[in-house]
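Working notes, structure below.
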Amino acid sequence: MCGICGKINYNSEPINRQLLEKMTEVLSHRGPDQSNIYINGNIGLGHRRLSIIDLSNAASQPMSNEDGTIWIVLNGEIYNFLELRKNLEEKGHRFKSRSDTEVIVHLYEELGVSCVGKLKGMFAFAVWDQNNKRLLLVRDRVGKKPLNYAIKNGNLIFASEIKSILQDPDIKREINFKAVDRYLTYLYVPAPETIFNGIMKLPPA
């Protein structure tokens, strides 16, 4: 288990480093081994790491491609990453780690958004494409790994857990009473709603 979070300010306002650090820190129980953030102007990514597949620093996140134009934070595991890695290496891609995360970076370089269809596993991740100014949020087909988001004042904020999003003072703690009713009926809150107004679950797949 790891924790991911991030924010993109569509008004081009620079990311508040202190806010991103707070958002990342409250996810420490999901990833006790390492904490890192990436900020580039109006985009910021945070990651709390639980080291499993590659324990070295080469597998630290946020992780980028060779020229730093594509960045990723991942929570989860890609089951077929060795097969995907072999195919990518045959096409000339070179890897610096043994992690499954890096496979997604190179697969995105190769296929763009359609890379998601090649992945087998349980995962939630965010990819920032600097050249195309694109933020891609992805959740596995079953919804095993959580990913929540909110859009406020023209900005998008996301995280593995709602309490990370609530670190942003622009996000109000307003109860979604419709969601409460559904929880009392079904014993869970169906996607895309959450218990808070304005905070949504990214649907599976």
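The values are calculated or read from the model by the stated rules, or taken from the named source; none is laboratory data. Remember, predicted model here, so these are calculated numbers, not experimental data. Quick reminder, even Gly has a Cβ in these numbers, built from the backbone with ideal geometry, and neighbours come from all protein chains shown. The area values use the complete protein model at the heavy-atom level, side chains included, leaving out ligands, DNA and RNA. Shrake-Rupley method; radii C 1.70, N 1.55, O 1.52, S 1.80 Å.
Assorted remarks:
- The stretch 41-89, residues that are modelled with pLDDT of 95 or more, more than 21 Å from Gly112 (Cα to Cα) and loosely packed, with under 15 Cβ neighbours inside 10 Å: Gly41
- Some residue of the stretch 180-187 being touching a residue at least 12 places away in the same chain (Cβ under 8 Å), on the phi < 0 side of the Ramachandran plot, open to solvent by less than 20 Å² (accessible area, probe 1.4 Å) and more than 16 Å from the chain's Cα centre (by Cα): no
- Screening the stretch 18-37 for residues that are in contact (Cβ under 8 Å) with a residue 40 or more places away in the chain and closer than 25 Å to Asp129 by Cα and picking the one that is surrounded by the most Cβ atoms within 10 Å (Cβ to Cβ) gives Met23.
- Subset of the stretch 108-154 (residues that are part of a helix (DSSP H, G or I) and either under 15 Å from the mean Cα position of the chain (by Cα) or surrounded by 23 or more Cβ atoms within 10 Å (Cβ to Cβ) (or both)): Tyr108, Val113, Val116
- Counting the residues of the stretch 80-104 that are among the small types (Gly, Ala, Ser) and within 21 Å of the chain's Cα centre (by Cα) gives 2.
- For Ser64, the stated conditions hold: it is within 15 Å of Val127 (Cβ to Cβ) and either over 12 Å from the mean Cα position of the chain (by Cα) or hydroxyl-bearing (Ser, Thr, Tyr) (or both).
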